[in-house]
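Participant: Here it is, the structure, as structure tokens.
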Amino acid sequence: MHKQTNNARYLMGKGERSFNLVVNIIGVLLSLLCLYPIIYVLSASFSRPLFVENGTVTLLPVGTTLDSYREAFKKPGLWMSYANTIFYTVVGVAVNMAFSTTMAYALSKKRLVFRKFFTLFCVFTMWFSAGIIPLYMTFRDLHLLDTRFAILFGFSINTYNLIIMKSFFEQVPSSLEEAAFIDGASNLRIFAQVYLPLSKPALATVGLFYAVNRWNSYFWAMNLLTSDSKLPLQVLLKKLIVDKVANETEAAIVTASSTWSPTTVIYAIIIIAIVPMLVAYPFIQKYFKTGLTIGANKG
């Protein structure tokens with residue numbers, strides 16, 4: 001009997017190790033699959049156009065040159081668009097977090113009148129929406145077209161992120177709130193001095209979600225903004241890609257002596273656009289890893 005038990009444990013351990021090995025291999029392959037486009041764009045941005053066009057560039061730069069970046073930095077409106085993107089991201093995330101955390105705090109309280117109704121009302125927006133045209137008409141009728149206010153406050157809350165914050169706030173022990181109430185603290189003070197300091201993983205996770213969305217968003221900025229001085233970097237990048245496609249014949253004329261082309265300049269701007277997110281992520285990774293599982297808790 002003892003020998004059979006040991007054999008069963010051995011087989012179970014061997015099966016578990018094999019399973020973990022397969023899962024790790026699949027994880028590495030998927031990671032490489034996701035990482036390769038970034039590596040290719042980076043290599044292409046440092047390569048001569050001829051090698052990019054004929055497919056010589058696959059993993060490492062070929063005919064290394066910085067001219068694509070020099071031309072990218074000369075693009076009209078690049079730095080203005082970059083500044084706009086930083087502004088929309090920093091101020092927009094602040095707006096997102098202010099609205100999301102305060103609303104999540106209110107919805108997490110069982111004493112809130114019609115709490116279930118308000119929660120279902122918010123969740124309803126995840127399944128149904130008016131659509132693009134009615135939303136655009138709403139912005140138009142509110143006289144918010146071509147205004148920074150529309151970009152900053154028109155998309156203040158993401159329901160999924162709201163639910164994450166609500167779930168986390170519900171996990172905070174009610175005894176802490178009761179003790180603060182006994183000491184005479186108001187709801188605002190409890191929220192600011194008790195809940196927020198305990199919610200760093202959730203704040204980092206939701207903040208990263210909002211920041212990435214703000215940084216990469218272009219659709220509504222493209223449709224709501226008409227002044228070049230207000231456009232974010234992603235809209236400028238989209239315009240460059242459209243212009244390149246429209247002038248494909250001219251753009252395709254590259255020689256061995258060419259050190260840059262519209263294609264390699266676009267690759268350079270893509271790298272310039274993603275660098276801030278790549279730099280910021282390691283600093284909040286420890287909070288992000290903890291906060292990823294918050295939304296899975298029952299609440």
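Coordinate-derived values only; no laboratory data. Given the structure is predicted, the values throughout are model-derived calculations rather than measurements. Please note: Cβ atoms are built from the backbone with ideal geometry, for glycine as well, and neighbour counts cover all protein chains shown.
Participant: Just order 84-95, 68-79 by mean Cβ neighbour count inside 10 Å, highest at the front, would you?
Facilitator: Result, highest mean first: 84-95, 68-79.
Participant: Also, I was wondering about something else. When all C-alpha to C-alpha distances in the range 78-229 are sorted into bins of 10 Å, what percent of pairs does each bin hold, rounded to whole numbers?
Facilitator: 10, 34, 32, 18, 6, 0
Participant: Work out, step by step, the length gained on full extension between Asp228 and Val91: first 0.36 nm times the residue separation, then minus their alpha carbon distance; give nm to one decimal.
Facilitator: Gain in length upon complete extension: 47.4 nm.
Participant: Turning to a different aspect of this structure: Roughly what angle does helix 159-171 make with the longest principal axis of the chain, taking Cα atoms, 0 to 90 degrees, to the nearest 10?
Facilitator: Result, in degrees: 40.
Participant: Is the range 192-232 rounded, prolate or oblate when judged by the Cα gyration tensor, a ≥ b ≥ c being the square roots of its eigenvalues, rounded requiring a/c under 1.5 and prolate requiring a/b larger than b/c? Could the numbers behind the result be given before it?
Facilitator: Working: a/c = 4.82, a/b = 3.04, b/c = 1.59.
In terms of gyration-tensor shape, prolate.
Participant: Go through the range 139-149 residue by residue and turn each phi into a ³J(HN,Hα) via Karplus (6.51, -1.76, 1.60, θ = phi - 60°); whole Hz please, and just put x for glycine and proline.
Facilitator: Each residue's phi maps through the Karplus curve to give 4, 5, 5, 8, 6, 10, 5, 6, 10, 5, 4 Hz.
Participant: Sort Val123, Val265 so the one with the fewest other Cβ atoms within 10 Å of its own Cβ comes first.
Facilitator: In increasing order of surrounding Cβ atoms, one gets Val123, Val265.
Participant: Starting from the Kirkwood Rh over alpha-carbon pairs, what translational D in µm² s⁻¹ does the chain have by Stokes-Einstein at 4 °C and 1.567 mPa s?
Facilitator: Details: Rh = 23.3 Å.
Diffusion coefficient, whole number: 56 µm²/s.
Participant: Using only helices, what value at 222 nm comes out for the chain when you add -39,500 (n - 2.57) per DSSP H run of length 4 or more and divide by the total residues, to the nearest 500 deg cm²/dmol? Let's see the in-between values first.
Facilitator: Numbers: 15 runs with 213 residues, N = 299.
After summing the helix terms and dividing by residue count, I get -23000 deg cm²/dmol.
Participant: For the range 39-47, what does the Karplus curve 6.51 cos²θ - 1.76 cosθ + 1.60, with θ = phi - 60°, yield as ³J(HN,Hα) per residue in whole Hz, taken in order and with x for Gly and Pro?
Facilitator: 5, 5, 4, 4, 5, 5, 5, 9, 9
Participant: Tell me, in nm to one decimal, what length is gained between Phe118 and Phe153 on full extension, where the rule is 0.36 nm per residue of separation less the Cα-Cα distance? Before the final figure, lay out each step's value.
Facilitator: Details: separation 35, 0.36 × 35 = 12.60 nm, distance 2.04 nm.
Between Phe118 and Phe153, full extension yields an extra 10.6 nm.
Participant: How high is the FRET efficiency between Lys239 and Phe283 when r is their beta carbon distance and R₀ equals 25 Å, given to the nearest 0.05? Numbers along the way, then the final one.
Facilitator: Numbers: r = 32 Å, r/R0 = 1.27.
Result of the calculation: an efficiency of 0.20.
Participant: Short version: ³J(HN,Hα) in whole Hz for each residue of the range 128-134, in order, from phi by Karplus 6.51 cos²θ - 1.76 cosθ + 1.60 (θ = phi - 60°), x for Gly and Pro, what are they?
Facilitator: 10, 9, 5, x, 5, 5, x
Participant: Just to confirm a number: summing +1 for Lys and Arg and -1 for Asp and Glu over residues other than Asp228 whose beta-carbon lies under 15 angstrom from that of Asp228, what do you get?
Facilitator: My count for the surroundings of Asp228 gives +3.
Participant: Compute the length gained on full extension between Ser175 and Arg111: take 0.36 nm times their separation in residues and subtract their Cα-Cα distance, giving the result in nm to one decimal.
Facilitator: Stretched out fully, the Ser175 to Arg111 stretch lengthens by 21.5 nm.
Participant: Neighbouring Cβ atoms within 10 Å as the yardstick, rank Glu53, Glu178 fewest first. Please report the intermediate quantities before stating the final value.
Facilitator: Numbers: Glu53 19, Glu178 11.
So the ranking, lowest neighbour count to highest, is Glu178, Glu53.
Participant: With label points built 7 Å along Cα→Cβ from the Cα atoms of Met137 and Asn213, find their separation and express it in nm.
Facilitator: Rounded to a tenth, the inter-label distance reads 2.5 nm.
Participant: With just the Cα atoms defining each centre, how far is the range 27-66 from the range 185-239? Give it in Å.
Facilitator: The range 27-66 and the range 185-239 have Cα centres separated by 31 Å.
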